[in-house]
Amino acid sequence: MNISSALFHISAPDLTSCPDESLPEFAFIGRSNVGKSSLLNMLSGKPNLAKVSPTPGYTKLINIFTMNKTWRLVDLPGYGFAQVARKDMAKFNEAVADYLKNRPNLRGVFVLLDSSLPPQKLDLEFLQWLAGISAPIVLVFTKIDKTSPTNVQTNVEAFKAHLSGWCEQLPEIFTCSSVTKQGRGDLLGAIGKTLAQEPRNTGSTPKIAVRRPEPPSMERRRAPWNRLLGR
């Protein structure tokens, strides 16, 4: 799939401020410093579409971009670094959770993971929560240019082992590098494949089936999520 146009649409503080639900959306989220902004710029072909900052926690709103006038790329605030006032944290986290749980036109949640690291507690907690709400998960291992292929594969397999305990079917998994642009075609191809199914699919995208009981609700897990969602 080629990207002929990539335009900023809106920065929304919450779900009710997001645009209408007429276009399918693909959300990207990950731990701070995982390279999300660089990846979004690589995918769009526009180096300045998403602002890249050396300061963790730069993204604080739900940033939405319209791609090819037919679908939306959604840049979600990440987790693992809190640079907003504590009094604003609960509301901020709830906005992201609300979007992920209740956005009817959400077709994919691309969770970015640092390929050089073994499974981290924050990532695993977030993925288990996503599995619990049957989100359409896609795993993207970033920065593969920074480590060896053997290390990448070891870490991918470790994540798969965890996910196999939560899901009856593993999500799609991709590896990429914003520096070399490796993986760009595969990621855009996955989005294009989902878009091609839209005319025949009046419901939502098939989601990951959950094997275990649903994790505790967001309300009961607010303390951990105040630690998770803060970028």
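Please go through (1) surrounded by 22 or more Cβ atoms within 10 Å (Cβ to Cβ); (2) at pLDDT below 85; (3) aromatic (Phe, Trp, Tyr) for residue 110 and return the number of the only condition it doesn't satisfy.
Residue 110 satisfies all of (1) surrounded by 22 or more Cβ atoms within 10 Å (Cβ to Cβ); (2) at pLDDT below 85; (3) aromatic (Phe, Trp, Tyr) except (2).
Output the residue which, of all residues in region 185-196 that are touching a Ser or Thr at 6+ places or on another chain (Cβ under 9 Å) and of a type outside the set (A, V, I, L, M), is nearest to residue 146 (Cα to Cα).
Initially, region 185-196 is screened for residues touching a Ser or Thr at 6+ places or on another chain (Cβ under 9 Å), giving 186, 194-195.
Filter again for of a type outside the set (A, V, I, L, M), leaving 186, 194.
Values: 186: 19, 194: 30 Å.
So the residue we want is 186.
Does region 126-163 hold any residues that are under 26 Å from residue 181 (Cβ atoms) and outside any helix (DSSP H, G or I), and which are they?
Once the filter is applied, which keeps residues that are under 26 Å from residue 181 (Cβ atoms) and outside any helix (DSSP H, G or I), region 126-163 yields 136, 137, 138, 139, 140, 141, 142, 143, 147, 148.
Output yes when any residue across region 90-99 is of a type in the set (A, V, I, L, M, F, W, C), outside any helix (DSSP H, G or I) and in contact with a helix residue (DSSP H, G or I) (Cβ under 7 Å, 6 or more places away or on another chain), and no when none is. Lay out the reasoning, then the answer.
The initial filter retains those residues of region 90-99 that are of a type in the set (A, V, I, L, M, F, W, C), namely 90, 92, 95-97.
From the residues that got through so far, the ones that are outside any helix (DSSP H, G or I) too are none.
No: region 90-99 contains no residue that is of a type in the set (A, V, I, L, M, F, W, C), outside any helix (DSSP H, G or I) and in contact with a helix residue (DSSP H, G or I) (Cβ under 7 Å, 6 or more places away or on another chain).
Does any residue in region 20-31 that is in a loop (DSSP other than H, G, I, E, B) come within less than 7 Å, Cβ to Cβ, of a residue that is buried (at least 20 other Cβ atoms within 10 Å of the Cβ) and not charged (D, E, K, R) six or more places away or on a different chain, and which pairs are these?
23/71; 24/71
Scan region 10-44 for residues that are among the β-branched types (Val, Ile, Thr) and under 18 Å from residue 97 (Cα atoms) and jot them down.
First, pick out the residues of region 10-44 that are among the β-branched types (Val, Ile, Thr): 10, 16, 29, 34.
Passing the criteria: 16, 29.
Within region 32-41, how many residues turn out to be assigned to a helix (DSSP H, G or I) and surrounded by fewer than 23 Cβ atoms within 10 Å (Cβ to Cβ)?
The initial filter retains those residues of region 32-41 that are assigned to a helix (DSSP H, G or I), namely 36-41.
Applying the additional criterion that residues be surrounded by fewer than 23 Cβ atoms within 10 Å (Cβ to Cβ) yields 37-38, 41.
Count: 3.
Residue by residue, here is whether (1) surrounded by fewer than 13 Cβ atoms within 10 Å (Cβ to Cβ); (2) hydrophobic (A, V, I, L, M, F, W, C); (3) within 15 Å of residue 28 (Cα to Cα); (4) in contact with a Lys or Arg (Cβ under 7 Å, 6 or more places away or on another chain) holds:
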{"position": "118", "(1), (2), (3), (4)": "yes, no, no, no"}
{"position": "135", "(1), (2), (3), (4)": "no, yes, yes, yes"}
{"position": "144", "(1), (2), (3), (4)": "no, yes, no, no"}
{"position": "172", "(1), (2), (3), (4)": "no, no, yes, no"}
{"position": "196", "(1), (2), (3), (4)": "yes, yes, no, no"}
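Within the bounds of region 76-87, is there any residue that is of a type in the set (D, E, K, R), in a helix (DSSP H, G or I), farther than 17 Å from residue 192 by Cβ and at pLDDT below 90?
The answer is yes, given that some residue of region 76-87 is of a type in the set (D, E, K, R), in a helix (DSSP H, G or I), farther than 17 Å from residue 192 by Cβ and at pLDDT below 90.
Among the residues that make up region 206-228, is at least one of them closer than 30 Å to residue 14 by Cβ, assigned to a helix (DSSP H, G or I), modelled with pLDDT of 90 or more and not small (Gly, Ala, Ser)?
No, the conditions are met nowhere in region 206-228.
The values are calculated or read from the model by the stated rules, or taken from the named source; none is laboratory data. It should be emphasised that the depicted structure is a prediction, and the values quoted were computed from it without experimental measurement. Here the Cβ is made from the backbone with ideal geometry for all residues, glycine too, and neighbour counts use every protein chain on show.
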